[in-house]
Structures are given as C-alpha cells and as structure tokens.
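The values are calculated or read from the model by the stated rules, or taken from the named source; none is laboratory data. Bear in mind that the values here come from a model prediction, so they are computed numbers and not experimental data. We place every Cβ from the backbone using ideal geometry, glycine too, and count neighbours over all the protein chains shown.
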Amino acid sequence: MSEIQGPGPANPLTDGPLLPAILRLSWPMMLGNFLQTSSSIFDMIFVGRLGPNAIAGVSMSGAIIQLVMTLVIGIDMGMRAMVSRFYGARDLAMTRRVIGQALLMAGVLSVLLALSGELWRDDLLRLIGASPEVVAQGSAYLQIFFLGVSATVSLFFTSGILQSIGDAHTPMRLGAVSFAANILLAPLFIFGWGPFPALGVPGAALATVLSRGAAGVLVLRLLFRNEELGLRLADLRPDFMLMGRMLRIALPGSLQIGCYGVADILANYFIATFGTEAVAAFGVAARSTMLVLVIGFGLSGAAATLVGQNLGAGKPDRAARSAWIITGMYGLFLLAGTAAYYLGAGAIIGIFTTDPRTLSLGTDCLHVFSAGFVFMSLNLILGRALQGAGDTLSPLAFALFSRLPVLMGLLYTLPHLGGLGTDGLWYSFVIASGVEGLLKLVWFQRGKWKLRQV
C-alpha cells in the first residue's frame, strides 16, 4: 500500500490562484536556463583564445554531447511526469520510489555513457567530419567530460526532481553556484596559474565537471534531508516494473528530441546547397533567438509541473487552465519579441558577423523567423504540458510528421517556387513549426491527455 499523506499545508500549485504559482515556478527555471547557456558561452570565449582548432573541437564535442544526452532528457521527462503526478496526489511513498528508481537509472546511464565515450569518442568526431587536428582537441575534451558525465547527469536529474515537486528556487540557486564556480575554474584550468598547470581544452571540460558535480552532490544531499520527502536508501532498491513504466513515457520523448536532431542535420544539407553564407546566416539567426527560447523553456517547465501535479490532485480542469494561461503569457511575450526582432534584425545579426552577404541573408532569415515566433508558444508550452501529463507519444507523432515529410518537402520545393531562393528555406521552417503547433493545439483541446495514466 502506498503512503498517502494527510491534508497538511495547502499546495500552492494545486490550490489557490494560478498566476502566482506560475510565476513562482517559471522565473527560477528561466534564470537557471540562462545561467547554463551563459556558462557555455563563457567557456567558448576562453577556449577561443586557444585558436580555431580548439574552438572547432569544443563545438563538435558539444554536438556529440547533445546527441548522447537525448536518452537522459527522455528519462528525465518520464521521471518528471511521474514525480509531479504522485506528489500532486500526496502519495509520498510512490514519489520517493520513483525518485529512487530515477537515481538508479541515472547511475547506470552514467556508467554506460562513460564507457561509450571512452571507446568511441574519436570515431564519433571523425564521423561528423572533424579534421585530425580537431579530433585531437575534441577527443581530449570528451574524455574528461565522459569520465565525469555522472556530474552532469546527477545535476540534471536532481534539479528536475525538485522542480517537479514545486521547488524551482533550490536548483536555480545551486545552478548559480555552479555557474560561478565554472567561471572561476575554467580560465584557471585552461590557461594555468601558480601551481595549476595549463591544461588547454581539457581544462574547460574539467571545470564543467567539477562545478556541476559539486552542485549535483549538494542537491542529492538535500533530497535525502528533505523534511517532507525524506528519501531513504530503501527507495533505491531496484523496482524493474516501475522503471519500465518510466521508460514507456521516456522513450517517445527521447525519440522526439532525436527527430529534431535528424531534421536539423537534413535541413543543413538543403541550406548548404545555397552556399556557406546561407549556412552561416541560418546559424546566427537561430542562435540569436536563444533569448526567447530561454523564456519559453522556463515557462514550459512550469506548465509540465503544474499539469502533472494537478492531474495527480484530481483537478484536470485546473491542469488545463494552467497550460492555457502559460501559453497566453508566452504568446504575449512573443508578440513583443516579434516586433523587436523584426525591427532590429540587421543590428542583431551584425553582432555575430560583418560579412555583407551573411549579414543580408541573416537579416532576411530573422525577419521570417520572427514572424513565426507565435508558434513557439504552442510548440513549447502545449508540448511540455502534454509531456507533463505523461503523453509523450502524441508530441513524437506530431514532430515526426512536421519535421520530416513536411519540413523536408518544403525545403525541397519552396526555394524554387516563384524565385523565393533562400527566403523559401526560411519560410519552410515557419510553416513546419506552424503545422506542429496547430496539431498540438487541436490535440490538447480534445483533452484525452487528462485520462493518461502513469
């Protein structure tokens, strides 16, 4: 029998006004995402002083890390859906069990990733086209990262656990500590100082591993000392049936992220036929939209937690209302973002490049992308709301349809219609995003996700 806690203090995520609950959850998540993104940018600035091979090595290593983290993110989705559902139902025994199984899976996954990285890091770099000089730099970076991959995985999972029970402030504060430690350690390990030798590119990876590892240990300690949950060693006893339930939610989420990755690779093939400047323009335009995405990731995380907890509390209408409110909030922000990005497109792209051709193409690209910002609200918020309910299969189906046959077909045909050229490429992304967003809108409105069992 599961332990159901009595009424106790009111849960602000399942009782009371929604807007304060949304703000309470979302702004720490937004700040945490911003700090993580900023940490990567600072690392690249430091590594940039080592030369182009070092930059390329870290950049290509990042692509590999993003790929292998797909499974981690998928399991995290499954864990969050179950933790928020059981916690919202005040079933603390099952909440602890899910957390324990998630931590076990994180440990096993860390070992597998470490072994895979040690065995195949050079082959993976060569597979994506790295030169021998870049392989040498990237391999050194990946070796340190994969040997300490448990630091990244543990911080990722433990932060997700706390956010799923409604505590977004603790992961944000420890993320700030990790950010500060990384900023201090990265130049120290990369360039050396006093008794510390100059490690070069591996120094950047070592700084990341140590800063995340320290934060991850602190969060894990908090989970065991949490007065309400009180995670116990017995909760770490393997429960393969519960792991299987988590994986059934996780696998479609992982495949969805993988679908986006495959679509990006194929899209770059079509863009490359228009020249290097077109590829560069697409890259800087996409990167320049990170600000609006960081806001969206924070709000979408709040939507997933609110939906999961309110379904667990037997309040499906409140779950739906929370998702609609957040969708509207992000939509209003995106309308302002559309105006700012459209009017300032040239200046924004000019931050990244001074090449006239790339600047012109990038400005056109950002004009088109900004006009399609509104679809981000449907894709990010409603997509994560469905995942928070444990429905990861539907978003996968919508992603497969919109990102493969729809986007690829548009990229193949639109540039050659009416002399659209590269503008046809940019319109293709907006239309595909619109198709995916509208599919999620219709599915969410139907409400079958409210009956989803985890």
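Numerical summary
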{"item": "Every residue from the range 245-300 that is in a helix (DSSP H, G or I) and of a type in the set (V, I, T)", "result": "I249, I257, V262, I265, I271, T276, V279, V284, V292, V294, I295"}
{"item": "Residue in the range 355-367 that is of a type in the set (K, R), under 30 Å from G308 (Cβ atoms) and either in contact with a helix residue (DSSP H, G or I) (Cβ under 6 Å, 6 or more places away or on another chain) or not assigned by TED's automatic domain parsing to the domain that holds L306 (or both) present", "result": "no"}
{"item": "The listed residue being out of contact with any strand residue (DSSP E or B) (no Cβ under 6 Å at 6 or more places or on another chain), assigned by TED's automatic domain parsing to the domain that holds D122 and within 21 Å of V292 (Cα to Cα), out of L35, L67, L71, L50", "result": "L35"}
{"item": "G78 being more than 19 Å from F224 (Cα to Cα) and either outside any helix (DSSP H, G or I) or more than 18 Å from the chain's Cα centre (by Cα) (or both)", "result": "no"}
{"item": "Residue within the range 373-387 that is surrounded by fewer than 22 Cβ atoms within 10 Å (Cβ to Cβ), in the same structural domain as P316 (by TED's automatic domain parsing), part of a helix (DSSP H, G or I) and of a type in the set (S, T, Y) present", "result": "no"}
{"item": "Flag for G283 being without any contact (Cβ under 8 Å) to a residue 60 or more places away in the chain, surrounded by fewer than 19 Cβ atoms within 10 Å (Cβ to Cβ) and not assigned by TED's automatic domain parsing to the domain that holds E436", "result": "no"}
{"item": "Meets criteria (assigned by TED's automatic domain parsing to the domain that holds A371, over 20 Å from M69 (Cβ atoms) and touching a Leu at 6+ places or on another chain (Cβ under 6 Å)) for F224", "result": "no"}
{"item": "Qualifying residues in the range 304-321 (those that are closer than 15 Å to Q445 by Cβ and not charged (D, E, K, R)) - the one surrounded by the most Cβ atoms within 10 Å (Cβ to Cβ)", "result": "V307"}
{"item": "Residue in the range 207-215 that is part of a helix (DSSP H, G or I), of a type in the set (D, E, K, R) and in contact (Cβ under 8 Å) with a residue 24 or more places away in the chain present", "result": "yes"}
{"item": "All positions within the range 437-448 that are closer than 19 Å to S84 by Cβ and either modelled with pLDDT of 95 or more or of a type in the set (S, T, Y) (or both)", "result": "F444"}
{"item": "Members of the range 400-412 found to be closer than 9 Å to E436 by Cβ and at pLDDT below 95, listed by number", "result": "R403"}
{"item": "Which listed residue, of G437, G424, G409, is surrounded by 17 or more Cβ atoms within 10 Å (Cβ to Cβ), more than 22 Å from the chain's Cα centre (by Cα) and in a helix (DSSP H, G or I)", "result": "G424"}
{"item": "Single residue of V149, V217 found to be in contact with a helix residue (DSSP H, G or I) (Cβ under 9 Å, 6 or more places away or on another chain), farther than 30 Å from R24 by Cα and of a type in the set (V, I, T)", "result": "V149"}
{"item": "From F191, F179, residue being surrounded by 14 or more Cβ atoms within 10 Å (Cβ to Cβ), over 30 Å from F401 (Cα atoms) and in contact with a helix residue (DSSP H, G or I) (Cβ under 6 Å, 6 or more places away or on another chain)", "result": "F179"}
{"item": "Residue in the range 226-233 that is assigned to a helix (DSSP H, G or I) and modelled with pLDDT under 90 present", "result": "yes"}
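Let's see how each residue does on (1) surrounded by 18 or more Cβ atoms within 10 Å (Cβ to Cβ); (2) more than 22 Å from the chain's Cα centre (by Cα); (3) in the same structural domain as G203 (by TED's automatic domain parsing); (4) outside any helix (DSSP H, G or I):
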{"residue": "R97", "(1), (2), (3), (4)": "yes, yes, yes, no"}
{"residue": "G100", "(1), (2), (3), (4)": "yes, yes, yes, no"}
{"residue": "L112", "(1), (2), (3), (4)": "no, no, yes, no"}
{"residue": "E118", "(1), (2), (3), (4)": "no, yes, yes, no"}
{"residue": "L142", "(1), (2), (3), (4)": "yes, no, yes, no"}
{"residue": "F145", "(1), (2), (3), (4)": "yes, no, yes, no"}
{"residue": "S150", "(1), (2), (3), (4)": "yes, no, yes, no"}
{"residue": "F157", "(1), (2), (3), (4)": "yes, no, yes, no"}
{"residue": "G166", "(1), (2), (3), (4)": "yes, no, yes, yes"}
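Listed here are the residues, each with its yes/no results for (1) among the hydroxyl-bearing types (S, T, Y); (2) at pLDDT below 95; (3) within 21 Å of A278 (Cα to Cα).
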| site | (1), (2), (3) |
| --- | --- |
| A319 | no, no, no |
| W324 | no, no, no |
| G346 | no, yes, yes |
| G362 | no, yes, yes |
| F375 | no, yes, no |
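Residues are listed down the side, and each one gets a yes or a no for (1) outside any helix (DSSP H, G or I); (2) polar (S, T, N, Q); (3) buried (at least 17 other Cβ atoms within 10 Å of the Cβ):
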site	(1), (2), (3)
L19	no, no, no
L23	no, no, no
S26	no, yes, yes
M29	no, no, yes
G32	no, no, yes
S39	no, yes, yes
D43	no, no, yes
L50	yes, no, yes
I55	no, no, yes
